[in-house]
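J.: Before we start, here is the structure in question, set down as C-alpha cells.
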Amino acid sequence: MRGRPPGWQLCACVHARLPALLFLHLCLLLLSILLFLSFLPFFFPQLVNKLIPNRAWGWVATLLILLASAANLCAVNHVVQDGESLQSIADQHGVSASSIADLNRRELSGSSAVRPGMNLLIPATPPKKRESEAVYQRYDEFRTASTTSKGIPGRKTLSSTQGDAAKIPPIAAPAAPSEGETVVEAPRMKLSERPSDSDAKSEINVTSEGGIFNRRYRYLGRAKASIDAADVERGRWRIVVLHHSETQRGNARLFDHFHRRKRGMKNGLAYHFVIGNGTDSRDGEIEIGPRWREQKDGGHVRSRALNAVSIGICFVGDFNHSRPTKKQIAACIELVKYLRRRCDTRFRFALHREINPHPTDCPGKYFPGRLFHQMFD
Ligand SMILES: [Zn+2]
C-alpha cells in the first residue's frame, strides 16, 4: 500500500467492474419492477396487512442478492512476495497477467514490473481459460479430428502414439519380476472377483482423497496433502507410467484386493495412483495407494529396475473399447504436474506399452498418448 486513502481499493475494483455492476443493477431493477407489478392486482386494503411482510421479505432477499453479487464481483488482493513476477502471480490465481495489469494500471504505472510488498488486485473471474480447460478443448479437438479422419474413432491419431514410442530411448532393464510379483499388466478383473465390503475393509488401507475443489487444483484437492506427506527421496522417481485398468469399472480398493489376492502381491495395489471414471469412484477422482504413502517400488511394469524408478498411474477403464473421460485426463495432468514439483524431478513420461520389456497394448489403442507426450515431453 502506498498511502492510498482507505477504501481506494474497493473504488478501483468497482471502477474496473463498472459495466458489469451496472448491468447487474439494471437486471435487478427490472426484476424488482416485475415483482412489484405482479403484486398490483392484490393491492386492496384488506390484503395490505398480509402482503407487507411478503414484500418486505422480497426486498430483503433482493438486497442480499445485490450484496452477494457485489462481493463476488470484487477482486481479491495479492501482496507481492520476493521473487514473484506478474506472470507467476497470474499463474497462481489462474488469470492472465494482462488482466491483472489492467486492473492495477495506477499501481503499476503502465509497466509490468512488480515490487515486493505491492498490493495488487486480482480479478475474481479468470478471463483466461485454465490450463485444464484448455486441455479439454484440445482433447475435444483431438476426438473430433480422430473421429472424422476415419470410420473408427481414434484409430488414426492413436496409432501415431506408436510413433511417439520411437522417440523414447529404451531403458536397459532386466525383465526380472519385482518382489515375487511376476507380471503386472492390466488387472483383467472380473466383477465376480470383486471383494465384499467387509473383506476389503479388513485389509486395505487405500484411501480416497480427491474431489475437493480448491483454487489451483481442481482434481488434486486433498490428495495434495497426502502427496506432500510422503517421504519422497529426491531424484528417486524418474518416469511416470500411465496404464489403464482394462476393466469398465473399478477403484483403488478393488484393484488392491485383486493384486493382493489374485496376483499374490504382498504390497497390494501395484500402482501408486488410480484415477476414477465415475463407476466405483468419482470421475476424475485421484486415489492414492499405499505404495505412494510408503514410497515403495511399484509393481506395474514387468521389470524390477523400472518399478524402482517409475510412478504408476492407472486410469480406470478399458481404452481398447472406450476413451478416458475428460475429467480423468485433466486430473492426470494435474497429478503429473504436481508430482514433478513434489519430487523436484522432470520425469520422463511413458505409456506402459512404450517401456514394458514385454509386449502389451496398455493403456489401450484409444488412449490419447500423443496429447500427454505433447504436454510432458
Ligand atoms: Zn499397464
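The values are calculated or read from the model by the stated rules, or taken from the named source; none is laboratory data. It should be emphasised that the depicted structure is a prediction, and the values quoted were computed from it without experimental measurement. Don't worry about glycine lacking a Cβ; one is built from the backbone with ideal geometry, like all the others, and counts go over all protein chains shown. Calculation scope for accessible area: heavy atoms of the full protein, side chains included, ligands and nucleic acids excluded. Shrake-Rupley method; radii C 1.70, N 1.55, O 1.52, S 1.80 Å.
J.: Tell me, which strands (runs of 3 or more DSSP E) lie completely within segment 218-314 with 2 or more residues that are away from the ligand (no atom under 16 Å from the Cβ) and buried (at least 21 other Cβ atoms within 10 Å of the Cβ)?
T.: In segment 218-314, the matching strands (runs of 3 or more DSSP E) lie at 286-288.
J.: Also, I was wondering about something else. Mind checking which residues of segment 322-372 are touching a Phe, Trp or Tyr at 6+ places or on another chain (Cβ under 6 Å), in a helix (DSSP H, G or I) and open to solvent by 40 Å² or more (accessible area, probe 1.4 Å)?
T.: Of everything in segment 322-372, just one residue is touching a Phe, Trp or Tyr at 6+ places or on another chain (Cβ under 6 Å), in a helix (DSSP H, G or I) and open to solvent by 40 Å² or more (accessible area, probe 1.4 Å), namely Lys326.
J.: Under 7 Å between Cβ atoms, at least 6 apart or on separate chains: pull out the pairs that start in segment 291-305 with a residue that is closer than 13 Å to His259 by Cβ and end on any residue that is open to solvent by 10 Å² or more (accessible area, probe 1.4 Å).
T.: Arg291/Asn267; Lys296/Asn267; Gly299/Asn267
Residues checked against (1) outside the structural domain of Gly278 (by TED's automatic domain parsing); (2) touching a residue at least 40 places away in the same chain (Cβ under 8 Å); (3) under 19 Å from the mean Cα position of the chain (by Cα):
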| site | (1), (2), (3) |
| --- | --- |
| Asp318 | no, yes, no |
| Ser322 | no, yes, no |
| Lys326 | no, yes, yes |
| Arg341 | no, no, yes |
| Ala350 | no, yes, no |
| His358 | no, yes, no |
| Asp361 | no, yes, no |
| Pro368 | no, yes, yes |
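J.: Something else about it: In the set Phe372, Phe349, which member is more than 13 Å from the ligand (Cβ to nearest atom) and under 13 Å from Ile239 (Cα atoms)?
T.: Phe349
J.: For segment 331-367, name all the residues that are farther than 22 Å from Ala305 by Cβ, out of contact with any Pro (no Cβ under 7 Å at 6 or more places or on another chain) and not charged (D, E, K, R).
T.: Across segment 331-367, the qualifying residues are Ala331, Cys332, Ile333, Leu335, Tyr338, Gly364, Tyr366.
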